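This report refers to the structure that appears directly beneath it.
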Amino acid sequence: MIERYLTKEMADLWKEEKRFEYWFLVEKTVAEVQGEMGIIPKECAEEIKKASFSLSEIKELEKETGHDVIAFLKSIENHLRDERAKSYLHYGLTSYDIVDTAWALQLRDGLDIVINSLKKLKEIVKNLALKYKDLAMMGRTHGIFAEPITFGLKLLSFYCEMDRNINRLERAREEISYGKISGAVGTYSTLSPEVEKEVLRRLNLKVEPVSTQIVPRDRYAYLVSVCAIVASSFERIATEIRNLQRSEIDEVNEPFLERQKGSSAMPHKRNPILCERIVSLARYIRSLIFPALENISLWHERDLTNSANERIVFPNVLILLHYITERMIFIFNNLKVNEEKMKENLWKAKDLYFSSILLILLMKKGLKRSVAYDLVQKLSFLAMEKDKSFLEVIKEDEEIKRYLNEEELKEFLDVKYLLRNVEEIFRRVIKEER
């Protein structure tokens, strides 16, 4: 992963030697348990726990062996002072007892980083939603003026989606928190289920009920799919901000730093580059679903067609998801909300957003829906043709006067009436808030 999209937390988690640190943690835990159970000499287990490895040495050894796990074990062996301990390193294990159990630990730690950032973002959005709960703005469907909403309600929708995404990621964390210490094809031919159970308990992992030589890859496909869903949620939010930042709308703007430049050719530009970057990276994250799904189907008890791409997919999906989460935190912490422009765009709608409620009022007076619909549509189109307020047009219409008096129009054809239930929506979503 290029440094441009690396957060500090993810840079630390996915640095090259970190993978071997997780591997060594599993090796040491296995040796410790085997020593306590009398499977290997306890003093040999203690020596293994005190050993170390060299990253540069592993790289050189892998050139010779063509096998990274064997190179890793050889490096540890070279750092063991007790010759007897060398006989009990990796005792009864196969490579993916170590690799898959370590993947679970590293992915779980990565998910914790993402989830913690997402929780921070959710709180920021919640507070903004409460702040702008009553700020009226135009709602749009198909890009066209529809009916008023509030900016707070739009933000509350984002808040709910983030909450769902946190739940999804937490379920994915559970889904991948499984290891295996079951030997070459999962039959415990050189180990015992008791060793596996105790090792995984100490690592705070669960036992894969039926493993082959590997943990089944549907678990990891689930994780990558969930990350893609979360990234797509961020794309939805980023796309909304981009649309609201368009010159002709200009209701919301992503932050633009004091010395920032928007265009090399047009100095006046303030382009929504952060949101566009989020969209771009979300597209890439979604693409990682395909190799993750392909990896589910391996030959017999395993093959290696999953291995190479997982070294790319697993780090990248979490690195990029954390990066765009942190970018979202920055955006919402510094979001520019143009309240005057929201009022102006409401005015531009020229009261046409009252068409739905007028339709209902006419139906309540006994008009068939089709008749009422045609009447309201005719008057709304007339208002647009004459560039007049819809309220002005309907107040002058004799047929409307037959069914609705001025007091009724004033009571129901009001933005506050249309938004009367926003408070209730907030109450049911954010129950702890007033």
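The values are calculated or read from the model by the stated rules, or taken from the named source; none is laboratory data. If you're wondering where the values come from, they're calculated on a predicted model, not measured in any experiment. Every residue, glycine as well, gets a Cβ built from its backbone with ideal geometry; the counts of neighbours run over all protein chains shown.
Observations
- Residue match in the range 319-332 (condition: within 25 Å of Tyr159 (Cα to Cα), of a type in the set (Lys, Arg), in contact (Cβ under 8 Å) with a residue 12 or more places away in the chain and in the same structural domain as Leu121 (by TED's automatic domain parsing)): yes
- Put simply, of Gly143, Gly179, Gly139 the only residue that is more than 24 Å from the chain's Cα centre (by Cα) and either modelled with pLDDT under 95 or outside the structural domain of Glu251 (by TED's automatic domain parsing) (or both) is Gly143.
- Among (1) at pLDDT below 95; (2) exposed (fewer than 15 other Cβ atoms within 10 Å of the Cβ) - the single one Ile58 does not satisfy: (2)
- Candidates in the range 312-349 are the residues that are at pLDDT 95 or above and basic (Lys, Arg); of these, the one that is surrounded by the most Cβ atoms within 10 Å (Cβ to Cβ) is Arg327.
- The residues in the range 1-21 that are more than 25 Å from the chain's Cα centre (by Cα) and of a type outside the set (D, E, K, R) can be counted, and the count is 1.
- Evaluation of Val207 against (1) touching a strand residue (DSSP E or B) at 6+ places or on another chain (Cβ under 8 Å); (2) of a type in the set (Val, Ile, Thr); (3) under 14 Å from Val99 (Cβ atoms) (one fails), failing number: (3)
- Tallying residues that are modelled with pLDDT under 95 and hydrophobic (A, V, I, L, M, F, W, C) within the range 78-119 yields 2.
- Of the residues making up the range 371-391, those that are in contact (Cβ under 8 Å) with a residue 24 or more places away in the chain and assigned to a helix (DSSP H, G or I) are Leu375, Ser380, Ala383, Met384, Phe390, Leu391.
- Which listed residue, of Ile149, Ile124, is among the aliphatic types (A, V, I, L, M) and farther than 23 Å from Glu326 by Cα: Ile149
- Among the residues of the range 165-189, the one identified as touching a helix residue (DSSP H, G or I) at 6+ places or on another chain (Cβ under 8 Å) and without any contact (Cβ under 8 Å) to a residue 24 or more places away in the chain is Tyr188.
- Count - residues of the range 207-238 that are basic (Lys, Arg) and either under 19 Å from Leu293 (Cβ atoms) or crowded, with 23+ Cβ neighbours inside 10 Å (or both): 2
- Selection of first residues in the range 134-154 that are over 16 Å from Thr239 (Cβ atoms) and assigned to a strand (DSSP E or B) and of second residues that are among the polar types (S, T, N, Q) and at pLDDT below 95, restricted to Cβ pairs under 7 Å at least 6 apart or on distinct chains, gives the following pairs, ordered by first then second residue: Glu147/Ser356.
- Residues that are surrounded by 15 or more Cβ atoms within 10 Å (Cβ to Cβ), under 14 Å from His79 (Cβ atoms) and either among the aromatic types (Phe, Trp, Tyr) or out of contact with any Asp or Glu (no Cβ under 9 Å at 6 or more places or on another chain) (or both), drawn from the range 35-51: none
- Taken residue by residue, the range 362-370 has no member that is within 19 Å of Met138 (Cβ to Cβ), under 45 Å from the mean Cα position of the chain (by Cα) and either surrounded by fewer than 17 Cβ atoms within 10 Å (Cβ to Cβ) or touching a residue at least 40 places away in the same chain (Cβ under 8 Å) (or both).
- Whenever a residue of the range 104-124 is assigned by TED's automatic domain parsing to the domain that holds His322, its partners that are crowded, with 19+ Cβ neighbours inside 10 Å and among the small types (Gly, Ala, Ser), lying with C-beta atoms within less than 7 angstrom and at least six residues away or across chains, give the pairs Ala104/Gly179; Leu111/Ala172.
- Those helices (runs of 4 or more DSSP H) of the range 18-117 in which 2 or more residues are hydroxyl-bearing (Ser, Thr, Tyr) occupy 55-65.
- Number of residues in the range 191-241 that are of a type in the set (Asp, Glu) and outside any helix (DSSP H, G or I): the value is 1.
- Test: Ala292 is among the hydrophobic types (A, V, I, L, M, F, W, C), farther than 30 Å from Gly152 by Cα and without any contact (Cβ under 8 Å) to a residue 24 or more places away in the chain: no
- Of all residues in the range 385-409, those being closer than 18 Å to Pro148 by Cβ and within 45 Å of the chain's Cα centre (by Cα) number 3.
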